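A short write-up of the structure that comes next.
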Amino acid sequence: MKRALIVDDSALKRRSIKNLLETSGFEVVGEADNGLSAVQLYNELKPDMVTMDITVPKLDGIKVIKMIKEIDNSARIIIITSLGHEHQVKDAISLGAVGFIMENFPE
């Protein structure tokens, strides 16, 4: 079973993403509500995939992607973001994120 880490500052969005991933056959091994926790959890858990909100506290998603890629260049990171962050998505892809999803999760 593939293992996933969810990074989002909204508990409700994390729950929605978790439900989606679990029904798709993933095991959610960790959840982070800020960028600093995301890097620490990635380093500890070494998940197969990370879902990353661009706008998280402490370290923004772009910095988190850079740091995770320094830990593991083969990390698979998928950006989940809302409209209005297109330039950040481009930055994330250039840093090695494998794709993005425009969020449509309830607040």
For this session: Would you check if there is a residue in the range 49-61 being assigned to a helix (DSSP H, G or I), closer than 19 Å to GLY99 by Cβ and at pLDDT 95 or above?
Result: no
Exercise. How many residues, within the range 1-19, are more than 12 Å from ALA32 (Cα to Cα) and either acidic (Asp, Glu) or in contact with a Lys or Arg (Cβ under 9 Å, 6 or more places away or on another chain) (or both)?
Worked result: 1
Exercise. Of all residues in the range 1-30, which are farther than 13 Å from ILE80 by Cα and buried (at least 22 other Cβ atoms within 10 Å of the Cβ)?
Worked result: ALA4
Exercise. Looking only at residues in the range 19-34 that are in a strand (DSSP E or B) and of a type outside the set (D, E, K, R), which one is nearest to the chain's Cα centre (by Cα)?
Worked result: ALA32
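Being in a helix (DSSP H, G or I) and in contact (Cβ under 8 Å) with a residue 60 or more places away in the chain narrows it down to one of SER16, SER37, so name that one.
Numbers: SER37 fails: in contact (Cβ under 8 Å) with a residue 60 or more places away in the chain.
Selected residue: SER16, the only one of SER16, SER37 that is in a helix (DSSP H, G or I) and in contact (Cβ under 8 Å) with a residue 60 or more places away in the chain.
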Problem set entry | Failed item, numbered, when VAL64 is tested on (1) without any contact (Cβ under 8 Å) to a residue 40 or more places away in the chain; (2) assigned to a helix (DSSP H, G or I) | (1)
Exercise. Could you list, in sequence order, the residues of the range 70-85 that are crowded, with 16+ Cβ neighbours inside 10 Å, outside any strand (DSSP E or B) and either at pLDDT below 90 or out of contact with any strand residue (DSSP E or B) (no Cβ under 8 Å at 6 or more places or on another chain) (or both)?
Worked result: HIS85
For this session: Take the range 39-80 and flag every residue that is hydrophobic (A, V, I, L, M, F, W, C) and more than 12 Å from the chain's Cα centre (by Cα).
Result: LEU45, LEU59, MET67, ILE71
Exercise. In the range 31-69, which residue that is in contact with a Lys or Arg (Cβ under 8 Å, 6 or more places away or on another chain) and polar (S, T, N, Q) is surrounded by the fewest Cβ atoms within 10 Å (Cβ to Cβ)?
Worked result: ASN34
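The values are calculated or read from the model by the stated rules, or taken from the named source; none is laboratory data. None of these values were measured; they are calculated from a predicted model. Cβ: placed from backbone, ideal geometry, glycine included. Neighbour counts: every protein chain shown.
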